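Note sheet for the following structure.
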Amino acid sequence: ILNVEQSPQSLHVQEGDSTNFTCSFPSSNFYALHWYRWETAKSPEALFVMTLNGDEKKKGRISATLNTKEGYSYLYIKGSQPEDSATYLCARLFYNQGGKLIFGQGTELSVKP
Amino acid sequence: EPEVTQTPSHQVTQMGQEVILRCVPISNHLYFYWYRQILGQKVEFLVSFYNNEISEKSEIFDDQFSVERPDGSNFTLKIRSTKLEDSAMYFCASYGLGSDTQYFGPGTRLTVL
């Protein structure tokens, strides 16, 4: 069974704080790990697709790392802003090209001004 | 920027009624998906569709569910006789060769009374 877990489930931080979340997944037969940002009533927005062990990707104040050998990925947000408030989802691609995504439960981030 | 659209945004129905959820994937994409999220649970895969046929379906996707691509643009999910436990947010997604991720619509919230 392919089980993807995220922690914490929710996080409340002050504006300006830096924060990070964890996504853990089975490491065998790995293809890719996807991070999405989801605000209520909007489409989940793709943040990163990570494929190689040791991958590190960055988009503005958000970055992510990948360890496929031990089966985890970290998402970091530097200097959180209220507009970063959203649910952050990670999903492992089950097989390549057209395969399904298996999601974690998400981390709900709330950033207070 | 191309996007996946879904209609309606919210559907309320009586138990036992049929519902059709509609999606317009990104136009040059070839793989189409339905996922759902029951409140408080993980986003879970329902079905994938490629080359006008189902390529994979989950245990949830029983005989009450069907998918169709009736023309070149729409992708629909039909639930023949809704149950209370079908209440969830239903997401459509699409993927194309050359894209790096699955693109999601904003979801249809289905409430079964």
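A few remarks follow.
- Assigned charges on the beta-carbon of Lys, Arg, Asp, Glu; chain A dipole about Cα centre (debye): 260 debye
- Full-stretch length increase - A:E70, A:Q9 - with 0.36 nm per residue and alpha-carbon distance subtracted: 19.9 nm
- Tail fraction, Cα-Cα pairs, segment A:1-62, threshold 18 Å, whole percent: 49 percent
- For A:K112, A:K100, the sequence from fewest to most other C-beta atoms within 10 Å is A:K112, A:K100.
- Overall size of segment A:52-96 from C-alpha positions, given as principal axis extents largest first: 35, 19, 17 Å.
- In the protein assembly as shown, taking the dipole from charged Cβ atoms about the Cα centre, the farthest positive-side position among B:Y33, A:A46, B:N74 is held by A:A46.
- Kirkwood hydrodynamic radius of segment B:6-86, from inverse mean 1/r over distinct Cα pairs, in Å: 13.4 Å
- Protection-proxy order for peptides A:34-44, B:98-108, A:54-64, each taking the mean of Cβ atoms within 10 Å per residue, highest first: B:98-108, A:34-44, A:54-64
- Between segment B:28-62 and segment B:63-77, the Cα center-to-center distance that results, in Å: 11 Å
- Ranked list, fewest to most other Cβ atoms within 10 Å of each Cβ, for A:S73, A:S24: A:S24, A:S73
- The mean number of Cβ atoms from other chains found within 10 Å of a Cβ in peptide A:100-110 is 4, as a whole number.
- Among B:F45, A:F30, a tally of other beta-carbon atoms within 10 Å of each Cβ gives an order, fewest to most, of A:F30, B:F45.
- Here the average projected area of the convex hull drawn through the C-alpha atoms of chain A stands at 6.8 nm².
- Spin-label zone in segment A:79-113 - amide nitrogen under 19 Å from a point set 7 Å from the Cα of B:L30 along the C-beta vector: A:94-101
- Shielding of A:77-90 by partner chains, average beta-carbon count, 10 Å: 0
- With both residues required to sit in the protein assembly as shown, DSSP beta bridges show an antiparallel share near 90%.
- From phi via Karplus (6.51, -1.76, 1.60), per-residue ³J(HN,Hα) for segment A:65-81 in Hz, x at Gly/Pro: 10, 9, 10, 7, 6, 9, x, 8, 9, 10, 10, 10, 10, 9, x, 3, 10
- A simple spin-label model places pseudo-atoms 7 Å from Cα toward Cβ; at A:K42 and A:L2 they are separated by 2.7 nm.
- Per the Debye formula on identical point scatterers at the alpha carbon atoms of the protein assembly as shown, with no solvent, log10 I(q)/I(0) at q = 0.12 Å⁻¹ is -0.65.
Every number in this text was worked out from the coordinates using simple rules, so none of it is lab data. Since we're looking at a predicted model, the values are computed, not measured. In this analysis, Cβ positions are derived from the backbone assuming ideal geometry, glycine residues included, and neighbour counts consider all displayed protein chains.
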